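Asker: If you scroll down you'll find the structure; I have some questions about it.
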Amino acid sequence: MSAPSDTSTFYASIPVQRGFRALMNPQAYTPLPADWTVGMADVVQSTKAIAEKRYKAVNMAGAAVIAALTNAMAGREFPFVFGGDGASFAVAPADLDVARDALAATAAWANSELGLTLRVALVPLAEIRAQGLDVRVARYAPSPNLSYAMFSGGGLAWADAAIKRGDFAVAPAPPGTWPDLSGLSCRFEEFRAKQGMIVALIVLPAPGGDPAAFRALTEEIVALVEASPDAGRPVPALGPALNWPPEGLEFEARTAPGGWLQRRIAVVTRTLLYFLIMRAGRPIGPFVPARYMRQVVENSDYRKYDDGLRMILDCTPALADALEQKLAAASAVARYGLFRQDAAMMTCFTPSPLRSDHVHFVDGARGGYAAAATALKAGLNQA
């Protein structure tokens, strides 16, 4: 690997935001260094996969991108965002080759193990800025344990459209190539809505709309949500339920190379041990189950900003109606997609259970972000 460039420590050096509402302010974001590259991944025909009720497979593919990159870069911090049916991220020049190999391997794995086509691409930041757009990043800490990246500037949206045209594509690795997906799992049960429904919401700026008006609108939306019970967090206060065997056992078995029977026996053994430890609730050496579960709740990634507002919320039907009415009245400022369902689910990336920075990606259990994106596109077609 090449020696780290002067910009390799950029992301670790930017300030951490503690309040989510502050992320609606453009001043919270810092432009990426000029020599960085933006990466994109998304499941081709995710709408079809969702219609076939392959919700976990789609989420697993998106989370696998983040796990593969993190493991390939030996845990070095880099900005990323989980999108339900994909992921977006940015890397320094020193990590570009490693990121390309990880993307190619993950695309090959998604095809062979999940039966999904994962479109992956690397877009030089210079190409985005040549369009008069930018990619700016902020760090948001939902808890003292870790921080997530948030993006603004319009560049991710442009890059997403570009890769769907086939630009900047990274070819999948040869069949049989395997990314390092250590720590990736989906062991928790779905969690049902406590307030009435789980809402997947995407709010994007309207073409030609007023940026200041869009900021004001998103601030109002966040304020409405934060005034609701638990600020809309869909994860139960004591953590999601654990059963054995877990619903995601087959998916976890597909994350490691080797013969199918060998993989399955290893995962059955590992998940049973995990279940028994968590159920007993007693510390095992430095691992404290109650502390880990508290961190699961605190670290849950259920709301984000990446050129738009995206949230998975547990809310009342009245709040969902209020959000929809407010957004429908603001069609000159924003476009939105809102999808209602009865439960949410979680895909986890835990590099080490002894560290506090494990991340838990939340999506709706009946379509989530992908279904909200379909609703958004339908609204655009009707506009």
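The values are calculated or read from the model by the stated rules, or taken from the named source; none is laboratory data. These figures come from a predicted structure and were not determined experimentally. Every residue, glycine as well, gets a Cβ built from its backbone with ideal geometry; the counts of neighbours run over all protein chains shown. To get the accessible areas, we keep the full protein, side chains included, count just its heavy atoms, and leave off ligands, DNA and RNA. Shrake-Rupley method; radii C 1.70, N 1.55, O 1.52, S 1.80 Å.
Asker: May I ask you to say which residue of Arg192, Arg139 is in contact (Cβ under 8 Å) with a residue 40 or more places away in the chain and touching a helix residue (DSSP H, G or I) at 6+ places or on another chain (Cβ under 9 Å)?
Answerer: Details: Arg192 fails: touching a helix residue (DSSP H, G or I) at 6+ places or on another chain (Cβ under 9 Å).
Of Arg192, Arg139, the one residue that is in contact (Cβ under 8 Å) with a residue 40 or more places away in the chain and touching a helix residue (DSSP H, G or I) at 6+ places or on another chain (Cβ under 9 Å) is Arg139.
Asker: Is it the case that some residue within region 364-375 is in contact with a Phe, Trp or Tyr (Cβ under 7 Å, 6 or more places away or on another chain), assigned to a loop (DSSP other than H, G, I, E, B), open to solvent by less than 10 Å² (accessible area, probe 1.4 Å) and of a type outside the set (S, T, N, Q)?
Answerer: yes
Asker: For region 125-176, which positions are under 30 Å from Ala22 (Cβ atoms), open to solvent by 20 Å² or more (accessible area, probe 1.4 Å) and in a strand (DSSP E or B)?
Answerer: Asp134, Arg136, Arg139, Pro142, Leu146, Ser147, Gly154
Asker: Scan region 21-32 and report the pairs whose first residue is under 20 Å from Phe10 (Cβ atoms) and whose second residue is polar (S, T, N, Q), with Cβ atoms within less than 7 Å and a gap of 6+ or a chain change.
Answerer: From region 21-32, the pairs are Leu23/Gln17; Pro26/Ser152; Ala28/Gln17; Tyr29/Ser152.
Asker: Let me ask another. Determine, yes or no, whether Gly115 is in contact with a helix residue (DSSP H, G or I) (Cβ under 6 Å, 6 or more places away or on another chain), of a type outside the set (Ser, Thr, Tyr) and within 23 Å of Ser182 (Cβ to Cβ). Don't jump to the end; show me each part of the working.
Answerer: Numbers: in contact with a helix residue (DSSP H, G or I) (Cβ under 6 Å, 6 or more places away or on another chain): no; of a type outside the set (Ser, Thr, Tyr): yes; within 23 Å of Ser182 (Cβ to Cβ): yes.
So Gly115 does not fit the description; no.
Asker: Given the structure, is Ala22 crowded, with 18+ Cβ neighbours inside 10 Å, under 23 Å from Pro211 (Cβ atoms) and either over 19 Å from the mean Cα position of the chain (by Cα) or among the acidic types (Asp, Glu) (or both)? Please lay out each step first, then the result.
Answerer: Numbers: crowded, with 18+ Cβ neighbours inside 10 Å: no; under 23 Å from Pro211 (Cβ atoms): yes; either over 19 Å from the mean Cα position of the chain (by Cα) or among the acidic types (Asp, Glu) (or both): yes.
No, not satisfied.
Asker: Another one. Pairs, please: C-beta under 8 Å, at least 6 apart or cross-chain, first residue over 10 Å from Met24 (Cα atoms) and open to solvent by less than 30 Å² (accessible area, probe 1.4 Å) and in region 218-229, second outside any helix (DSSP H, G or I) and hydroxyl-bearing (Ser, Thr, Tyr)?
Answerer: Ser228/Thr316
Asker: Among Arg279, Arg264, which is part of a helix (DSSP H, G or I), surrounded by 12 or more Cβ atoms within 10 Å (Cβ to Cβ) and at pLDDT below 95?
Answerer: Arg264
Asker: Next question, about the same structure. Out of region 58-87, which residues are modelled with pLDDT under 95, among the small types (Gly, Ala, Ser) and in contact with a Phe, Trp or Tyr (Cβ under 7 Å, 6 or more places away or on another chain)?
Answerer: Correct list: Gly83, Gly84.
Asker: For region 249-261, indicate whether the set of residues that are closer than 30 Å to Met150 by Cβ and touching a Cys at 6+ places or on another chain (Cβ under 9 Å) is non-empty. Spell out the reasoning first.
Answerer: Here is the first cut: in region 249-261, the ones closer than 30 Å to Met150 by Cβ are 251-252, 255.
Keeping just the survivors that are touching a Cys at 6+ places or on another chain (Cβ under 9 Å) gives 251-252.
Taking every residue of region 249-261 in turn, at least one turns out to be closer than 30 Å to Met150 by Cβ and touching a Cys at 6+ places or on another chain (Cβ under 9 Å).
Asker: Quickly run through region 282-322 and pick out the residues that are in contact (Cβ under 8 Å) with a residue 24 or more places away in the chain, among the aliphatic types (A, V, I, L, M) and not in a helix (DSSP H, G or I).
Answerer: Matches in region 282-322: Leu309, Met311, Ile312, Leu313.
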